[in-house]
Amino acid sequence: MTYAVSKKGNINMELLKQKLLSGFNGLDIQLRDDQRMFISTEKESILSLLSYLKNEGYEHLALISCNDWINQEKFELVYILSAYMADDNHYQEKEKRSIILKTNISRKVAKFMTITNIFNSAEPYERELHEMFGIIFEGHPRLTPLMLEREYEVPPFRKDFDSQNYVDNTFGKIPSIAERKEGTK
Amino acid sequence: MRELELFYGPQHLGMVGNFSITLKVEGDRIIKADANPGYLHRGFEKLMEQRTWMQNFPLVCRINVVEPDHMELIYSMGVEKLAGIEVPERGKFIRSIFCEMARVGSHLFGLWAYANMLGFDTVANWAMYHRDLLLDLFEELTGARVYHIYLRPGGVRRDFPEGFTDKLIETLHKIGGKVPDYNTTFFENSLFKQRAEGIGIVTREEAIRMGAVGHTIKATGMKYDIRKIEPYDAYDQVDFDIPVRTDGDAYSRLLAIRDDMIESVHLIFKLIDKMPKNGAVYTKTPNPFKWNIPKGETYVRCESSRGELGLYMVSNGGNKPYRVHFNTPSYNHGLTVLEKALVGESVSDVGNIMISLYVVAPEIDR
């Protein structure tokens, strides 16, 4: 599949890249030719970067995701931002872009700051990550269960959660119909 | 007046799908709403990390029951981007036609849900009948009525059979011919207008603040549509319009959905006209059991019938995805927008607002 790229869009992306590099320390920015900008940064600068990008017009928080890099003992938090239309009827280059902001946190002490005071729509995503990966978001207004019905020893989306083992332990102990008939005799 | 806690769903006449809302009410007015989507317990994203790239197709289409095709499309787009696969020209057109058929079917299903919930049984039956006509075409093309597994990385599974486009055009004319009847019995019916007008208003500022997409933002006047913003497949080769409304209430949202459906029908005609007459429909991919995709990550998006649909996918160089995370439109609409839009409304309008926001519960669960 080809993704049409215009030169103008890339120049604007380059401009944003320069602005970010001059304003923030320790950024690793990759520009891809399909209008995606991958930014890796230290966890301390995430909040200020997110508010800066929001002010630049990237006010649509599309997704907060997390990668469990178990061999390197770290979680990688992923924030994906894009822009709404500035003009209701005309499409501009800016809306084509997605900014993927990434940072690492320790896997042993899985704690991070909430971003709900910058993006209101972050609330359910952080609840989900809390439930599925066991990450605690400090300052979150309601870190209550969202989808799961019980607590797990290892949060289920972590790589060391063994699905097969879990199924055997949970459902393997239920006697089969044949076994139950044996018991009643 | 005394405050009461009311459990709305998962077993409730006004509720569609496996979803529940805990309401705090004072008399008939809602003070607070707490959405609870966890009734499916599927763990699809975890399961997909344990299956090969191609084995995931039967899972991915089941994420959204109403329109599985856009789910297949977004997953194929993700794999194509990671593996660097191109789709042949005719394949692109077939994909777009197929996805527009899915959009019309999905809107008809939504119309059924809305009409059925409000007691307009005649309209609901018409909508279901017309969706069934489309399902017959899907069956002829793919062998399955609901979960088609037709799209694949690199194109589509097979070409259109002989005479398929003629049948498709005939069916669409049949559906289009019924639109005036839909208008008089439902969309312009004063009984329906009284129920939907001024209900569940989401303003532009609120929509942007809460991350709304799809018809929720189109009903505030913004032509936010990924088919135009970041054209994929054959959408950049045809001319079409994005219908919008300006009031932001349930009625505007529903009219935006109706207009979108009509626009989709026109779009299919235009796509059929422009489609290359022959050529390959898919690019060959390696043996699925030995297919390792290079290390990398990607974020792709497309426009499903509910709004912007995204996929964040990571490969660590193996034969399975390392991480798959879907950004589904119902997620924001069902958890953030719904909770806000319900406050101050009447208990009898909960189902009304929920369906007008186009929430499909299976999309929310992970």
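Quick notes on this one:
- Residue that is nearest to A:Tyr91 (Cα to Cα) [pool: residues in segment B:188-221 that are within 12 Å of another protein chain (Cβ to nearest Cβ) and among the charged types (D, E, K, R)]: B:Lys218
- Extreme residue, surrounded by the most Cβ atoms within 10 Å (Cβ to Cβ), among residues of segment B:312-333 that are under 20 Å from B:Arg103 (Cβ atoms) and at the interface with chain A (Cβ under 9 Å from one of its Cβ atoms): B:Asn332
- For segment A:119-149, the candidate set comprises residues that are acidic (Asp, Glu) and farther than 25 Å from A:Ser51 by Cα; within that set, the residue that is surrounded by the most Cβ atoms within 10 Å (Cβ to Cβ) is A:Glu131.
- Given (1) farther than 15 Å from A:Pro141 by Cβ; (2) in contact with a Ser or Thr (Cβ under 6 Å, 6 or more places away or on another chain), index of the condition A:Ile118 fails: (1)
- Taking the listed residues A:Ser82, A:Ser106, the one that is within 16 Å of A:Glu138 (Cα to Cα) and under 16 Å from the mean Cα position of the chain (by Cα) is A:Ser106, with no other qualifying.
- Checklist (1) of a type in the set (Val, Ile, Thr); (2) exposed (fewer than 10 other Cβ atoms within 10 Å of the Cβ); (3) closer than 25 Å to A:Asn71 by Cβ applied to A:Thr170, failing item: (3)
- So B:Glu206, is it more than 23 Å from B:Arg103 (Cβ to Cβ) and outside any helix (DSSP H, G or I): no
- Members of segment B:1-52 found to be away from chain A (no Cβ under 11 Å), of a type in the set (A, V, I, L, M, F, W, C) and assigned to a loop (DSSP other than H, G, I, E, B), listed by number: B:Met1, B:Leu13, B:Met15, B:Val16, B:Phe19
- Highlighted here are the strands (runs of 3 or more DSSP E) found entirely within segment A:26-121 that include at least 1 residues which are within 12 Å of another protein chain (Cβ to nearest Cβ): A:28-32, A:36-41, A:60-69, A:74-82, A:98-106.
- Inspection of segment B:63-72 finds a residue satisfying the criterion of being of a type in the set (Asp, Glu), away from every other protein chain (no Cβ under 12 Å), in a helix (DSSP H, G or I) and in contact (Cβ under 8 Å) with a residue 24 or more places away in the chain.
- Meets criteria (touching a Ser or Thr at 6+ places or on another chain (Cβ under 8 Å) and not β-branched (Val, Ile, Thr)) for A:Glu123: yes
- Within segment B:267-304, tally of residues that are in contact with an Asp or Glu (Cβ under 9 Å, 6 or more places away or on another chain), more than 19 Å from B:Arg157 (Cβ to Cβ) and not in a strand (DSSP E or B): 3
- Set B:Gly279, B:Gly221: member being without any contact (Cβ under 8 Å) to a residue 40 or more places away in the chain, of a type outside the set (Val, Ile, Thr) and over 19 Å from B:Ala115 (Cβ atoms): B:Gly221
- For segment A:129-150, a tally of residues being under 17 Å from the mean Cα position of the chain (by Cα) and either at positive phi or touching a residue at least 24 places away in the same chain (Cβ under 8 Å) (or both) returns 10.
Just so you know, all these numbers are worked out from the coordinates, no wet-lab data involved. Keep in mind it's a predicted model, so treat the numbers as computed, not measured. Reconstructed Cβ throughout: ideal geometry from the backbone, glycine too, with neighbour counts over all protein chains shown.
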